[in-house]
1. Go over the candidates ALA164, ALA125, ALA117 one by one and state the one that is open to solvent by 20 Å² or more (accessible area, probe 1.4 Å), within 13 Å of GLY83 (Cα to Cα), in a helix (DSSP H, G or I) and of a type in the set (A, V, I, L, M, F, W, C).
2. Within the stretch 43-73, how many residues turn out to be open to solvent by less than 60 Å² (accessible area, probe 1.4 Å), assigned to a loop (DSSP other than H, G, I, E, B) and either closer than 24 Å to ALA162 by Cβ or touching a helix residue (DSSP H, G or I) at 6+ places or on another chain (Cβ under 7 Å) (or both)?
3. Only one of these conditions is not met by THR82: (1) in a loop (DSSP other than H, G, I, E, B); (2) in contact (Cβ under 8 Å) with a residue 24 or more places away in the chain; (3) under 20 Å from TRP31 (Cβ atoms). Which number is it?
4. Within the stretch 108-129, is there a residue that is among the hydroxyl-bearing types (Ser, Thr, Tyr) and modelled with pLDDT under 95?
5. Restricting attention to the stretch 76-96, and to residues there that are of a type outside the set (Val, Ile, Thr) and farther than 29 Å from MET44 by Cβ, which single residue is surrounded by the most Cβ atoms within 10 Å (Cβ to Cβ)?
6. Which ones in the stretch 103-114 are in a loop (DSSP other than H, G, I, E, B), open to solvent by 60 Å² or more (accessible area, probe 1.4 Å) and not acidic (Asp, Glu)?
7. Just the residues that are modelled with pLDDT of 90 or more and exposed (fewer than 14 other Cβ atoms within 10 Å of the Cβ), please, taken from the stretch 1-21.
8. Name the pairs whose Cβ atoms lie under 9 Å apart, with the first residue in the stretch 44-60 and at positive phi, the second in a strand (DSSP E or B), and 6 or more positions between them or separate chains?
Amino acid sequence: DRDVTGVQTCALPISLRTALSTFPCPPDALWHSRTGAPLPGESMQHGDLGPWNLLWAPPPSATVAGIIDWDLAEPGDPYYDTGFLAWFTVPFMDDTRAATRGFPASPDRISRLHAFARGAALAPAHVLQLGLAAQNEFASRVTTRPTEPWPTLRRLATHDAARADTFWTRTTLTLPPP
């Protein structure tokens, strides 16, 4: 029941991007999708940075104390994790699907988006675009990658859910003019 739109949580992508941009990745490292260090313009990414992979400090601090489940880490877009976390914490999905992700009532997505953007030091429109990019990239990974967990995620139709979330986000979530 943590409020993941808190500034500390939303600042997490900045800290993670900074740390992963300097990760000393060996040139022969093996990842799910490829071998080697990040290419120019890339950095390491967690690959599954959702609330389910955050460890929380006990109350009263209720801050993120760590990140677990690094099995999908790989070189890639340094902003993928930011978009992925926004996708599931704003959330960029309809109310029915948001309820399955722990939102008992319809969340105030615009307020949550603005809070996330403030914490991430990005414009809300940029966070929205990063979320859409993460949805599209995730759907692509599910449909094209041959090794686990991707075939299992394909059988579970998570790519269809991601595409539905993309459609919902594009057609429903609009930002007021700045």
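1. After applying the criteria, what remains is ALA125.
2. The qualifying residues number 8.
3. With respect to (1) in a loop (DSSP other than H, G, I, E, B); (2) in contact (Cβ under 8 Å) with a residue 24 or more places away in the chain; (3) under 20 Å from TRP31 (Cβ atoms), THR82 is out only on (1).
4. Restricting attention to the stretch 108-129, the residues satisfying the condition of being among the hydroxyl-bearing types (Ser, Thr, Tyr) are 111.
Now narrow it down to the ones that are modelled with pLDDT under 95: 111.
Yes, some residue in the stretch 108-129 is among the hydroxyl-bearing types (Ser, Thr, Tyr) and modelled with pLDDT under 95.
5. Taking the stretch 76-96 and keeping what is of a type outside the set (Val, Ile, Thr), we get 76-81, 83-88, 91-95.
Now drop any that are not farther than 29 Å from MET44 by Cβ, which leaves 94-95.
Values: ASP94: 15, ASP95: 13.
Here the answer is ASP94.
6. The first filter runs over the stretch 103-114 and keeps only residues in a loop (DSSP other than H, G, I, E, B), leaving 103-108.
Right, trim to open to solvent by 60 Å² or more (accessible area, probe 1.4 Å) and you get 104-106, 108.
The answer is PRO104, ALA105, SER106.
7. SER15, THR18, ALA19, SER21, listed by residue number.
8. Between residues of the stretch 44-60 that are at positive phi and residues that are in a strand (DSSP E or B), the close pairs are GLY47/GLU74; GLY47/GLY76.
The values are calculated or read from the model by the stated rules, or taken from the named source; none is laboratory data. Being a predicted model, the structure only gives us computed values, none of them experimental. Because the Cβ atoms are built from the backbone with ideal geometry, glycine has one as well, and the counts that use them run over all protein chains shown. For the accessible areas, the whole protein counts, side chains as well, though only heavy atoms, and no ligand, DNA or RNA atoms are used. Shrake-Rupley method; radii C 1.70, N 1.55, O 1.52, S 1.80 Å.
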